[in-house]
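Shown next, in structure tokens, is the structure this report addresses.
The values are calculated or read from the model by the stated rules, or taken from the named source; none is laboratory data. Everything numeric here is computed off the predicted structure, so don't read it as measured data. Cβ placement follows ideal geometry from the backbone for every residue including glycine, while neighbour counts extend to all protein chains displayed. Heads up: the accessible areas ignore ligands, DNA and RNA and are worked out on the full protein's heavy atoms, side chains in. Shrake-Rupley method; radii C 1.70, N 1.55, O 1.52, S 1.80 Å.
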Amino acid sequence: MPFPDLAARVAEMRERIAAAVARGGHAQRVTVIAVTKTYGPDAVLSAWESGIADVGENKVQEALSKMGEVSVPVRWHLIGHLQRNKAKAVDRFEMVHSVDSGRLADAVARVGEERGSPIRSLMQVNVAGEETKGGLSPAEADTEGERWLRLRGLRIEGVMTMAPLDADERILRATFGGARKVREHLIALGHPAAELSMGMSHDYEIAVEEGATMVRLGTVLFGARDA
Ligand SMILES: *Cc1c(COP(=O)(O)O)cnc(C)c1O
């Protein structure tokens, strides 16, 4: 068993999520996405055996090769930046969390048009305006959100964001609350934007308090990554 204490970690994490939902008062359901990047297919198998049915990968190539190595029916989420010339691969994922520009939205939508059903996607927003992170600003989210309504190959089911790495609680809440506002705008425009993908190992409890419906957890489940 490559991750001997995973069951205990999952149990504790689920308790923390339930407590955070209660504190936050949003009464949402929270989907846990086990981020298996840099780990082998055994991490996917262990996650499945611990009752986690959703896994996240940030690189297309790594994800595709892992898909070929596991037989458990997990749902694969693409959570990292996607180059437009690799957009075809979105067909292999349950959901793309990282639609971070108008041009990528167009490329992803073309794949959905070709296959005849829309690609389930989230709009990635960069609430804090960090140079090092991808995503649309809240202002761009409004204008692009209106335009994306016309992309029939794309179905925007919510918003994804990442908070600044060592932000204090005030910044975290401002970031997560900002993403929630963008989601409300998208809903008002007519998108089926029920999901809020936010929260990683170090900040997921605050994200859940702020309304996260999907948390993306790597380290807290599998331990520190080498790379
Ligand atoms: C790696 C990664 C995560 C998980 O990070 P941890 O801190 O290990 O929980 C979540 N989201 C994205 C986009 C990532 O790349």
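Residues being under 23 Å from Val32 (Cβ atoms) and part of a loop (DSSP other than H, G, I, E, B): count how many of those fall in the stretch 82-99.
Residues in the stretch 82-99 being under 23 Å from Val32 (Cβ atoms) and part of a loop (DSSP other than H, G, I, E, B): 3 in total.
Of all the residues that make up the stretch 1-42, how many are closer than 13 Å to Thr219 by Cβ and at pLDDT 95 or above?
So the answer is 9.
Can you tell me which residue is nearest to the ligand (Cβ to nearest atom) among those in the stretch 182-221 that are among the charged types (D, E, K, R) and either touching a strand residue (DSSP E or B) at 6+ places or on another chain (Cβ under 8 Å) or touching a residue at least 40 places away in the same chain (Cβ under 8 Å) (or both)?
Checking each candidate, the answer is Arg216.
Please go through (1) open to solvent by 30 Å² or more (accessible area, probe 1.4 Å); (2) in contact (Cβ under 8 Å) with a residue 12 or more places away in the chain; (3) not in a helix (DSSP H, G or I) for Ala224 and return the number of the only condition it doesn't satisfy.
(2)
May I ask you to list the residues in the stretch 21-45 that are within 15 Å of the ligand (Cβ to nearest atom) and assigned to a helix (DSSP H, G or I)?
Once the filter is applied, which keeps residues that are within 15 Å of the ligand (Cβ to nearest atom) and assigned to a helix (DSSP H, G or I), the stretch 21-45 yields Ala43, Val44.
Of the residues that make up the stretch 161-181, is at least one under 14 Å from Met214 (Cα atoms), within 16 Å of the ligand (Cβ to nearest atom) and in a strand (DSSP E or B)?
Checked against the condition, which is being under 14 Å from Met214 (Cα atoms), within 16 Å of the ligand (Cβ to nearest atom) and in a strand (DSSP E or B), the stretch 161-181 yields at least one hit.
Looking at the stretch 137-161 only, could you name the residues that are open to solvent by 60 Å² or more (accessible area, probe 1.4 Å) and more than 15 Å from Ile187 (Cβ to Cβ)?
Within the stretch 137-161, Ala139, Glu140, Thr143, Arg147, Arg150, Arg152 qualify.
Which of the residues spanning the stretch 46-59 are of a type outside the set (D, E, K, R) and either within 18 Å of Phe93 (Cβ to Cβ) or in a loop (DSSP other than H, G, I, E, B) (or both)?
Listed by number, the residues that qualify are Ala47, Trp48, Ser50, Gly51, Ile52, Ala53, Val55, Gly56, Asn58.
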